[in-house]
Structures are given as C-alpha cells and as structure tokens.
Amino acid sequence: MDTRLQQLTQWVRQFPGLAQAEPQPVSGDASFRRYFRVHRDGTGLIVMDAPPAHEDCRPFVAIARHWRDQGVAVPAIEAEDLVEGFLLLEDFGDTQLLARLDSDNADGHYRQALNELLRIQSLPADPAYPLPPYDTALLNREMHLFPDWLLEQQLGLTLGNSEHALLDTVFAFLRESALAQPQVTVHRDYHSRNLLVREHTAVPGVIDFQDAVRGPITYDLVSLLKDCYVRWPEQQVWQWAEQYRVLSADAGLHHADADTFRQWFELMGMQRHLKAAGIFARLAIRDGKTSFLGDVPRTVQYLVEASGRQAALRHFHDWLLEVVMPAIDQRLLPLLAENPTP
C-alpha cells in the first residue's frame with residue numbers, strides 16, 4: 001500500500017475543485033521526488049511528492065517564487081505543505097525538449113533555450129534565499145563521483161596510487177578553471193529533459209531547478225549544448241556557444257574573448273561529465289534506475305574528446321582510451337545489450 005500516495009490524495013482534495021481528484025502518475029526523476037497530475041475544471045495541475053526524509057522543498061519554493069517574479073518560465077506554486085513535502089504546481093505538460101528536437105528545428109529551440117538561460121544568469125540575488133556557492137568542496141565532491149561510482153563500483157576497476165594522483169591533478173586543473181570564471185546564477189541541470197515544450201509559446205518551461213547555486217558562467221551552457229542525453233555536431237555546438245558568449249557579454253556578464261570562453265566551456269564540460277557519469281552509475285547501483293547507464297558511453301566520450309584537445313591533460317586522455325573505454329566496452333555495453341533502454 002502506497003501510504004504516501006494516500007496522504008497526498010487526501011491533501012490535494014482539500015482544495016476547491018479537487019475534492020474528487022485521483023492523482024495519476026506523471027513521472028519520477030533522478031531523485032526521490034515523484035509527480036502526479038490532477039485536474040480542476042479540465043485544467044491539469046501537478047502534485048509534487050518530495051518525502052521530507054530525503055528531500056527539502058524549501059529551496060524549490062524559494063527559487064521558484066523569485067525566478068517567476070523575475071520573468072523566468074518556471075511553474076507557479078498553487079499550494080504547499082513544506083512539512084509533509086507536498087506541492088501543487090502549474091502544469092507545463094509532459095513534452096520534454098528532448099522529444100521534439102531534430103536537426104531541422106534544433107537551432108530555433110536552442111535559441112529560445114539560450115535566451116531563457118540568459119534571463120536566469122542575469123537574475124538579481126534573492127536576499128530571502130541567497131544561493132549557495134559552487135565552491136571547491138562541491139566541485140570536488142561532484143568529480144569524485146566518477147571514480148567512486150562509475151570506475152570502481154560499476155566497472156570494477158581497481159585504482160592504484162598513480163591513478164588517484166592522476167585524477168587529483170585533473171580535478172585540480174578543472175576546479176581552478178571553474179572558480180576563475182565569472183559567477184552567475186546556475187540552474188545546475190539545464191538540459192533537454194528539464195526544458196518543456198509548451199503550447200501557445202516558444203519559451204521553454206524550466207523545471208528541476210531546486211539545486212541552483214552561484215557558480216561558473218559556462219556550467220549551464222555546457223549542460224545544454226553538450227547534453228548527456230543528445231549529441232550535436234561539434235561545429236554546431238561551437239556556433240551556439242559563441243552565440244551565447246556574445247549575448248552574455250552584451251548583457252555585461254563577462255568580458256571574455258572567444259578563445260578564453262571556449263576554454264572555460266571545454267573544461268567546465270569535463271567537470272560536468274565526470275559528475276554526470278558518476279551519478280548515472282550511482283542511480284543504477286544505489287537506486288535501481290538502470291536506464292541511466294545507457295547515457296554513460298556518450299558522457300564519457302565527451303571526456304575523451306575534450307581531454308584530447310588539452311595538452312595539460314594528455315596523460316588523462318591516454319588513460320581514458322587505454323583503461324576506461326575498454327572497461328566500458330567489456331563490462332557495460334554487454335549489460336546494455338541485454339537490458340536495452342525502453
């Protein structure tokens with residue numbers, strides 16, 4: 001018996017027009033949160049279930065209200081119970097940007113996504129809820145997900161002192177680049193699964209923003225353009241990145257030239273992909289969400305290519321090719337073949 005669902009149903013039925021509501025599952029995500037849809041007078045509403053033992057709704061509520069007040073396309077909050085972890089939200093629909101993208105329409109969709117990103121990065125600070133910094137501790141913790149979960153637990157690799165020293169050197173290099181960038185509002189998971197295509201507007205709906213921080217200007221850009229769930233030709237990625245460099249410079253967010261910005265973007269992408277590859281393995285091992293393993297090869301391939309363009313990371317690049325990629329081929333790809341993603 002799903003006691004949380006019973007509790008959620010009882011909670012939502014107290015609101016006008018929802019006395020007979022029967023919440024229907026919409027989706028979960030890469031956390032403990034679940035989402036349900038109810039209808040009031042033919043209009044959908046989303047009910048978020050965020051178990052308080054695992055999730056804290058307060059950042060979501062604070063960020064949603066501030067961002068929406070500043071014109072960012074995030075869902076309106078209709079009702080809340082922060083103690084029990086229930087929220088009633090505006091319904092943006094189910095159509096992820098990922099499902100709509102193709103080579104013919106990508107440029108238009110990404111133009112809208114970049115415009116919305118600029119709006120997010122230009123946000124004034126909220127004195128009622130200052131965003132935490134994307135600091136050394138957080139950057140390091142994220143990068144260590146790669147060896148801890150993907151390499152050692154998922155792929156079964158044993159890392160010696162030399163491998164740990166290599167990774168420490170790489171992590172320091174990437175961390176220094178990230179901390180040197182201009183700091184802006186960072187969504188922290190800005191990609192094609194967290195942007196929703198909505199009816200009657202070209203502006204994408206933005207979701208899953210509760211982990212926002214104050215951090216490097218290229219973080220969300222590389223999350224979007226070097227997406228772990230969809231890949232675009234490299235030349236197209238650089239064109240979009242350059243478009244955003246000009247947009248964000250004109251908005252006064254930085255003064256970087258094209259080469260500097262491209263280097264920031266490249267190294268930030270490596271930090272992001274180390275983190276993501278580790279998270280995908282953790283979701284499979286700890287949470288049983290094995291579908292994310294299918295995104296590991298694409299994510300690690302980004303690391304291989306980016307490290308190959310960095311003279312300072314030549315040893316890391318060679319190690320990825322000689323050790324990590326063969327382990328993926330031998331231990332992960334057969335598993336994916338036996339259990340294809342639906």
Condition set out of contact with any Phe, Trp or Tyr (no Cβ under 7 Å at 6 or more places or on another chain) and among the basic types (Lys, Arg), scope the stretch 276-290, selection modelled with the highest pLDDT: answer is Arg286
For the stretch 271-297, pairs from a residue that is under 17 Å from Arg33 (Cα atoms) to a residue that is part of a helix (DSSP H, G or I) and among the basic types (Lys, Arg), with Cβ under 7 Å and 6 or more apart or across chains, are none
Condition set of a type in the set (D, E, K, R) and within 30 Å of Phe60 (Cα to Cα), scope the stretch 149-190, selection surrounded by the most Cβ atoms within 10 Å (Cβ to Cβ): answer is Arg188
Q.
Against the condition out of contact with any Asp or Glu (no Cβ under 7 Å at 6 or more places or on another chain) and surrounded by 19 or more Cβ atoms within 10 Å (Cβ to Cβ), how does Leu195 come out, does it pass?
A. yes
Among (1) in contact with a Gly (Cβ under 8 Å, 6 or more places away or on another chain); (2) open to solvent by 70 Å² or more (accessible area, probe 1.4 Å), Glu322 falls short only on (1)
Counting only strands (runs of 3 or more DSSP E) wholly inside the stretch 1-73, the ones holding at least 1 residues that are open to solvent by 80 Å² or more (accessible area, probe 1.4 Å), under 24 Å from Leu283 (Cα atoms) and touching a Lys or Arg at 6+ places or on another chain (Cβ under 9 Å) are 24-28
Filtering the stretch 74-90 down to residues that are surrounded by fewer than 17 Cβ atoms within 10 Å (Cβ to Cβ), of a type outside the set (A, V, I, L, M) and assigned to a loop (DSSP other than H, G, I, E, B) yields Glu84
- So is Asp135 within 21 Å of Asp295 (Cβ to Cβ) and not aliphatic (A, V, I, L, M) or not? no
Filter the stretch 98-128 for residues that are under 25 Å from Gln271 (Cβ atoms) and either of a type in the set (Lys, Arg) or part of a loop (DSSP other than H, G, I, E, B) (or both); the one that is farthest from the chain's Cα centre (by Cα) is Ala125
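The values are calculated or read from the model by the stated rules, or taken from the named source; none is laboratory data. What you see is a predicted model, and the numbers here were worked out from it, not measured in a lab. Glycine gets a Cβ as well: all are built from the backbone with ideal geometry, and neighbour counts include every protein chain shown. The accessibility values were calculated without ligands, DNA or RNA, using every heavy atom of the protein model including side chains. Shrake-Rupley method; radii C 1.70, N 1.55, O 1.52, S 1.80 Å.
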